[in-house]
Amino acid sequence: NAGVTQTPKFQVLKTGQSMTLQCAQDMNHEYMSWYRQDPGMGLRLIHYSVGAGITDQGEVPNGYNVSRSTTEDFPLRLLSAAPSQTSVYFCASSYSDTGKAGNTIYFGEGSWLTVV
Amino acid sequence: AQTVTQSQPEMSVQEAETVTLSCTYDTSESDYYLFWYKQPPSRQMILVIRQEAYKQQNATENRFSVNFQKAAKSFSLKISDSQLGDAAMYFCAYRSGDYKLSFGAGTTVTVRA
């Protein structure tokens with residue numbers, strides 16, 4: 001049981017480069033999301049999805065794109081990396097049964113991204 | 001996004017003693033869920049405890065318990081019999097029916113041997 005798998009774990013990018021952070025879960029969860037964690041702040045929601053083909057913006061979506069073509073995968077794309085996007089990124093997933101927002105949220109181990 | 005406030009950036013506790021972390025939140029909803037997550041230096045997010053807003057009884061998980069005051073919108077975490085392994089950053093989080101999770105800024109807990 002792999003849970004939520006994020007790749008890569010570490011990445012250094014140059015300003016202006018693009019890249020994709022991969023996220024996969026094997027628990028058949030409908031809900032998936034991406035967060036970023038910056039020093040002195042909690043995790044902030046970037047984008048989320050409640051099912052295949054459905055995505056929506058979170059609190060800090062600018063500079064990021066997502067897609068959800070399958071239930072298992074939810075990649076996060078940085079279109080043109082900027083130093084302000086240096087952060088630790090977390091992918092998370094859970095079931096989304098109606099009325100069960102308290103379902104356990106599973107987090108990946110994080111991806112450390114540095115933009116120079 | 002809902003506002004979650006953790007007013008204590010750092011807390012220190014003697015091993016075997018008790019420490020309480022505070023959390024307040026702002027919401028107009030009546031049905032929601034609250035969580036405490038532990039983040040050790042490895043950065044792994046570990047669920048410590050959760051509370052359903054419709055339940056009056058405070059949640060407990062072994063040495064961890066909460067004091068949930070719905071009217072005051074307060075959700076504090078008590079760690080009893082603190083252990084060295086409890087040292088970590090602790091995040092309070094709020095989740096409503098739209099499934100978005102809002103986090104506080106975190107409290108760093110240091111355990112003194």
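Got at least one residue in the range A:61-73 being modelled with pLDDT under 95, among the hydrophobic types (A, V, I, L, M, F, W, C) and farther than 16 Å from A:TRP112 by Cβ? There is no residue in the range A:61-73 that is modelled with pLDDT under 95, among the hydrophobic types (A, V, I, L, M, F, W, C) and farther than 16 Å from A:TRP112 by Cβ.
Which residues, counting only those in the range A:16-31, are under 12 Å from the mean Cα position of the chain (by Cα) and modelled with pLDDT under 95?
Selection gives A:TYR31 alone.
B:SER7 falls short on exactly one of the conditions (1) facing another protein chain (nearest Cβ under 10 Å); (2) outside any strand (DSSP E or B); (3) not hydrophobic (A, V, I, L, M, F, W, C), and that condition is (1).
Residues checked against (1) within 13 Å of another protein chain (Cβ to nearest Cβ); (2) out of contact with any Lys or Arg (no Cβ under 8 Å at 6 or more places or on another chain):
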residue	(1), (2)
A:ARG44	yes, no
A:ASP56	yes, yes
A:ASN62	no, yes
A:THR71	no, yes
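When you go through B:GLN56, B:GLN83 one by one, which is the residue that is open to solvent by 10 Å² or more (accessible area, probe 1.4 Å), more than 12 Å from chain A (Cβ to nearest Cβ) and without any contact (Cβ under 8 Å) to a residue 40 or more places away in the chain?
Numbers: B:GLN83 fails: without any contact (Cβ under 8 Å) to a residue 40 or more places away in the chain.
Of the residues listed, the single one that is open to solvent by 10 Å² or more (accessible area, probe 1.4 Å), more than 12 Å from chain A (Cβ to nearest Cβ) and without any contact (Cβ under 8 Å) to a residue 40 or more places away in the chain is B:GLN56.
Taking the stated definitions as given, is A:SER96 open to solvent by 10 Å² or more (accessible area, probe 1.4 Å) and modelled with pLDDT of 95 or more?
Details: open to solvent by 10 Å² or more (accessible area, probe 1.4 Å): yes; modelled with pLDDT of 95 or more: no.
So A:SER96 does not fit the description; no.
The values are calculated or read from the model by the stated rules, or taken from the named source; none is laboratory data. Fair warning: this is a prediction, and the values are worked out from it, not measured in the lab. Don't worry about glycine lacking a Cβ; one is built from the backbone with ideal geometry, like all the others, and counts go over all protein chains shown. Ligands, DNA and RNA are stripped out before the accessible areas are found, and what is left, the full protein with its side chains, is counted by its heavy atoms. Shrake-Rupley method; radii C 1.70, N 1.55, O 1.52, S 1.80 Å.
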